[in-house]
1. Residue under question is Asp338, and the condition is that it be among the acidic types (Asp, Glu) and under 16 Å from the mean Cα position of the chain (by Cα); does it hold?
2. Within the range 495-513, is even one residue acidic (Asp, Glu) and surrounded by 14 or more Cβ atoms within 10 Å (Cβ to Cβ)?
3. Taking only pairs six or more apart or across chains, which ones have beta-carbon atoms under 9 Å, a first residue in the range 449-476 that is at positive phi, and a second residue that is assigned to a loop (DSSP other than H, G, I, E, B)?
4. Any idea which residue in the range 198-239 is surrounded by the most Cβ atoms within 10 Å (Cβ to Cβ), counting only those that are aliphatic (A, V, I, L, M) and under 19 Å from the mean Cα position of the chain (by Cα)?
5. Quick one: Thr273 ticks every box in (1) at pLDDT 95 or above; (2) surrounded by 15 or more Cβ atoms within 10 Å (Cβ to Cβ) bar one, so which box is it?
6. Kindly indicate whether Gly54 is modelled with pLDDT of 50 or more and surrounded by fewer than 18 Cβ atoms within 10 Å (Cβ to Cβ).
7. Does the range 324-358 hold any residues that are touching a residue at least 12 places away in the same chain (Cβ under 8 Å) and assigned to a loop (DSSP other than H, G, I, E, B), and which are they?
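The values are calculated or read from the model by the stated rules, or taken from the named source; none is laboratory data. Being a predicted model, the structure only gives us computed values, none of them experimental. Glycine also receives a Cβ, built like all others from the backbone with ideal geometry; neighbour counts cover every protein chain displayed.
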Amino acid sequence: MVSCSSNDYVGDKSALENTIGDKAISFGFDVPMPTRASGPEAATTLGGNFVVFGYKTVGGNTQTVFDNYQLNYLVNTSKKTTTNSAGWEYLGYKNLPFGTTTTLGGALNTDGVKKNASTSETNVEQSIKYWDFSASQYDFFAYSLGDRDEGQYAKASAMSKGSSYTLEGDAAQLGACYISDKKTLTSLSSTATQVDLEFRSFLSKIQLGFYETIPGYSVKDVKFYPSATGSSTPTPSLYASSELLPNGGKYTVTFDANGMAQVALAASDPVPTKIAKIDFSPTLTNYANKEYKEAEGAIYLGRTSNAATKSDIINVLPNPANENALNLKMDFTLVSRDETGETIELKGATAVVPAAYAQWRPNFKYTYIFKITDNTNAQSGTVTGLYPITLDAVVTDAQDGSRETTTTVTDPSITTYAKASDVLADNEYKKGANIYIVVGAGTELTGENAKLYTATIEAGAAQEITEVTVANALKNGTESPTGTWTVTDALGKKLVVTSATGLTAITKIPAEDAPHGNEITVNGAMFTPTAAGYYVFEYIQPEVKYYKVIKVVE
């Protein structure tokens, strides 16, 4: 899960330097989207209009300076007036203290004619504002209702010194909005002129990624379920237990101690609209290159996290107070990578995204990576999981016999996360990162039901380090008094699993490690690897054990 970051300085610095000496307050801006836009391009994104509130602090008292002033972008007007240093003008319009739904937006002005001026007698004519150098501080924040057709804007309430306001609408209306963080200016000098505001998309972005590590097979024909029941389709979906995901309503915008905009969905007035699932692109794209003797032209999932098969990126409304896990259910087909072309159809594999990792915030991108292993909880026929075929020579006198198979129910998902690691780029996690582990939707983990190991394997081994081979080593390997388990393959190569320390239970992820910079509450465990290599997390239920292999790189 990765946030969309941006630089500290925004706006047109050359415009600022060229206007030194002017004491009127003017505005510049920037829109990080995640690719930064500025100037006319960003003005188009904002619909050529934004509304700003600004106040100053003098002698410990605050005074309003910009009372919901609207600014309009006028092409080729930069630096032609003392209030316009970057194309944005606030003179000649009326302010919008009561919010609006219809007066903003439209095509960019190309002939210098002012537009969008309110005609309401209750609104106040906007006047020129000058810097007060006796002020100890200025604070500014703003919103834009974006580029929408007339009458199709979200509704905004008036902003005030209380540093909160509301945005209300359906998903399309709110999706067009942009909000700024609070811009605080201190230590003013006579060169002050332009206030640079940074706007961020109101929406969150999410994406799915899939890769498989099943030895000897590729994964193709992936299909997904829209709910716990029903039929699978090629459309990737994440679903909640019922209609729990926001699709419209009223959001309150506030600011934290660092001035970063925070949003919260109101429970009523109006009651928010909700949906039960999120659909992604109709089919997955960006597949890994073909390997071995796979059929030419066939499409298969990637085999490492940095070559994961990814869905399109989609926009969703923020959901920062989410308390509901998201579910994935899928079918897929295994294709043998030898010359046989043998296939195995597997159905009903499930995974859970814990609620703590689905607390979406504006302008953040969340990427959920799903790893398909030979420890899968999918079914072939009525049997859950994959079981390697082993052969032995047996001579019997009778022609009858019996065979017993032990099956398990659906396994719990094991989710791993570390803020300091880019899983897609680094093929797992970095040494020294705090790695957090959540089982299912957030099972409490203790020393009784959770353990940590390291795993090593000799070069040239016939097997790999996977959840299944580790489980086999711990069950059938030779155990030493020092806490190691060793299995030797047909080539004489050893796989060694060793008990490790450092796994601790957690009830929260602190703000500095959280995916969006805000503390989140979740039951789980964490450890900090001090060396590169393979680590194995073991989750223990009565008489059943589950494993997750975690690769750590330098």
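1. no
2. Yes, there is a match, as at least one residue in the range 495-513 is acidic (Asp, Glu) and surrounded by 14 or more Cβ atoms within 10 Å (Cβ to Cβ).
3. Gly460/Leu491; Gly460/Lys493
4. Selected residue: Leu208.
5. Unmet condition: (2).
6. So Gly54 fails the test.
7. Asn324, Ala325, Arg337, Asp338, Glu339, Gly341, Pro354
Residue by residue, here is whether (1) at positive phi; (2) touching a helix residue (DSSP H, G or I) at 6+ places or on another chain (Cβ under 8 Å); (3) outside any strand (DSSP E or B) holds:
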| site | (1), (2), (3) |
| --- | --- |
| Pro215 | no, no, yes |
| Val219 | no, no, no |
| Leu238 | no, no, no |
| Asn247 | no, yes, no |
| Val263 | no, no, no |
| Pro282 | no, no, yes |
